[in-house]
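The values are calculated or read from the model by the stated rules, or taken from the named source; none is laboratory data. Everything numeric here is computed off the predicted structure, so don't read it as measured data. For neighbour counting, all protein chains shown are included, and Cβ atoms are generated from backbone atoms with ideal geometry for every residue, glycine included. Surface accessibility is based on the protein's heavy atoms, side chains included, excluding ligands, DNA and RNA. Shrake-Rupley method; radii C 1.70, N 1.55, O 1.52, S 1.80 Å.
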Amino acid sequence: MTRTLILMRHAKSDWTHAGLRDHERPLNGRGRVSAKALGSWLRAGGHVPDEVLCSSATRTGETLQRLELPSETPVNYTSDLYHAEARMMREVLTRATGARVLMVGHNPGICDFAHRLVRSAPEHPRFEDYPTGATLVVQFDIESWREIGWHGGKPMDFVVPRELT
């Protein structure tokens, strides 16, 4: 059996609200447009998840909302993914039950996680720095997410919002 992970960094956030805690920062205008474009890209590519794991931060939740996924898709918002390191992201993923899981998180952890998951990096100049909105689709030959290990994934697709808007 195969499992697919869609690993998405939140879209561009707004830094103009003085005094706003980092956790509460929303998306900016470009981020809102990018998130909508990413949702269209997911649907067009057949990458609609059957489960979502999302950081509890405002900007990740807003990114997820603007993807316009089917309303019945189960979503788990968790503070465990807020600025999580790769090993914590892996731990959260082991609790997933879906065959195609979307995880929405933050750098630098999500970039490190992406690099640790794949056997070889996708041929894309932005994979190295994983900019806002960067999305990796990676497939694993595993029965359960509890079996996920490092460097076992096969990259299927990778995109950054600038390619879509």
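Which one of these is without any contact (Cβ under 8 Å) to a residue 24 or more places away in the chain and touching a Phe, Trp or Tyr at 6+ places or on another chain (Cβ under 9 Å): 87, 116? Step through it out loud before you land on a result.
Working: 116 fails: without any contact (Cβ under 8 Å) to a residue 24 or more places away in the chain.
From the options 87, 116, the qualifying one is 87.
Quick one: would you say residue 86 is crowded, with 21+ Cβ neighbours inside 10 Å and either touching a Leu at 6+ places or on another chain (Cβ under 7 Å) or among the small types (Gly, Ala, Ser) (or both)? Explain how you work it out, then say what you get.
Numbers: crowded, with 21+ Cβ neighbours inside 10 Å: no; either touching a Leu at 6+ places or on another chain (Cβ under 7 Å) or among the small types (Gly, Ala, Ser) (or both): yes.
The answer is no for residue 86.
Mind checking whether some residue in segment 94-102 is of a type in the set (Lys, Arg), exposed (fewer than 14 other Cβ atoms within 10 Å of the Cβ) and part of a helix (DSSP H, G or I)? Reasoning before the result, please.
Within segment 94-102, the subset of a type in the set (Lys, Arg) is 95, 100.
With exposed (fewer than 14 other Cβ atoms within 10 Å of the Cβ) added as a condition, the list becomes 95.
Subset that is part of a helix (DSSP H, G or I): none.
Within segment 94-102, not a single residue is of a type in the set (Lys, Arg), exposed (fewer than 14 other Cβ atoms within 10 Å of the Cβ) and part of a helix (DSSP H, G or I).
When segment 37-46 is examined, which residues are found to be surrounded by fewer than 16 Cβ atoms within 10 Å (Cβ to Cβ) and either farther than 29 Å from residue 97 by Cα or not aliphatic (A, V, I, L, M) (or both)?
From segment 37-46, those surrounded by fewer than 16 Cβ atoms within 10 Å (Cβ to Cβ) are 40, 43-46; that's our starting set.
Of everything in segment 37-46, those that are surrounded by fewer than 16 Cβ atoms within 10 Å (Cβ to Cβ) and either farther than 29 Å from residue 97 by Cα or not aliphatic (A, V, I, L, M) (or both) turn out to be 40, 43, 45, 46.
Does residue 114 satisfy being open to solvent by less than 10 Å² (accessible area, probe 1.4 Å), out of contact with any Cys (no Cβ under 8 Å at 6 or more places or on another chain) and either assigned to a helix (DSSP H, G or I) or more than 27 Å from residue 32 (Cβ to Cβ) (or both)? Spell out how you get there, then give the answer.
Working: open to solvent by less than 10 Å² (accessible area, probe 1.4 Å): yes; out of contact with any Cys (no Cβ under 8 Å at 6 or more places or on another chain): yes; either assigned to a helix (DSSP H, G or I) or more than 27 Å from residue 32 (Cβ to Cβ) (or both): yes.
In short, yes.
Could you please let me know if residue 24 is surrounded by fewer than 22 Cβ atoms within 10 Å (Cβ to Cβ), farther than 16 Å from residue 157 by Cβ, in contact with a strand residue (DSSP E or B) (Cβ under 7 Å, 6 or more places away or on another chain) and not hydroxyl-bearing (Ser, Thr, Tyr)? Walk me through it before giving the result.
Numbers: surrounded by fewer than 22 Cβ atoms within 10 Å (Cβ to Cβ): yes; farther than 16 Å from residue 157 by Cβ: yes; in contact with a strand residue (DSSP E or B) (Cβ under 7 Å, 6 or more places away or on another chain): no; not hydroxyl-bearing (Ser, Thr, Tyr): yes.
Criteria not met by residue 24.
Do you know which of the residues in segment 1-21 that are among the basic types (Lys, Arg) and within 26 Å of residue 122 (Cβ to Cβ) is least open to solvent (accessible area, probe 1.4 Å)?
Within segment 1-21, the first condition is being among the basic types (Lys, Arg), and the residues that meet it are 3, 9, 12, 21.
Still in the list and also within 26 Å of residue 122 (Cβ to Cβ): 3, 9, 12.
Details: 3: 26, 9: 45, 12: 74 Å².
Filtering first and then ranking leaves 3.
Go through segment 130-165 residue by residue and tally those that are assigned to a loop (DSSP other than H, G, I, E, B) and either open to solvent by 10 Å² or more (accessible area, probe 1.4 Å) or under 16 Å from residue 32 (Cα atoms) (or both).
Taking segment 130-165 first, the residues assigned to a loop (DSSP other than H, G, I, E, B) are 130-134, 141-144, 148-152, 160, 164-165.
Filter once more, so that each one left must be either open to solvent by 10 Å² or more (accessible area, probe 1.4 Å) or under 16 Å from residue 32 (Cα atoms) (or both): 131-134, 141-144, 149-152, 160, 164-165.
Matching residues across segment 130-165 total 15.
From the list 79, 56, 34, 71, exactly one residue is open to solvent by 50 Å² or more (accessible area, probe 1.4 Å) and within 22 Å of residue 111 (Cβ to Cβ). Which is it? Even if it seems obvious, please write down each step before you answer.
Values: 56 fails: open to solvent by 50 Å² or more (accessible area, probe 1.4 Å); 34 fails: open to solvent by 50 Å² or more (accessible area, probe 1.4 Å); 71 fails: within 22 Å of residue 111 (Cβ to Cβ).
Step by step, each of 79, 56, 34, 71 is checked, and only 79 is open to solvent by 50 Å² or more (accessible area, probe 1.4 Å) and within 22 Å of residue 111 (Cβ to Cβ).
Given the conditions (1) farther than 21 Å from residue 61 by Cβ; (2) assigned to a loop (DSSP other than H, G, I, E, B); (3) within 14 Å of the chain's Cα centre (by Cα); (4) among the aliphatic types (A, V, I, L, M), which single one is not true for residue 121?
The single condition residue 121 does not satisfy is (3).
Which condition does residue 127 not pass, out of (1) surrounded by fewer than 21 Cβ atoms within 10 Å (Cβ to Cβ); (2) in contact (Cβ under 8 Å) with a residue 40 or more places away in the chain, if it passes all the others?
(2)
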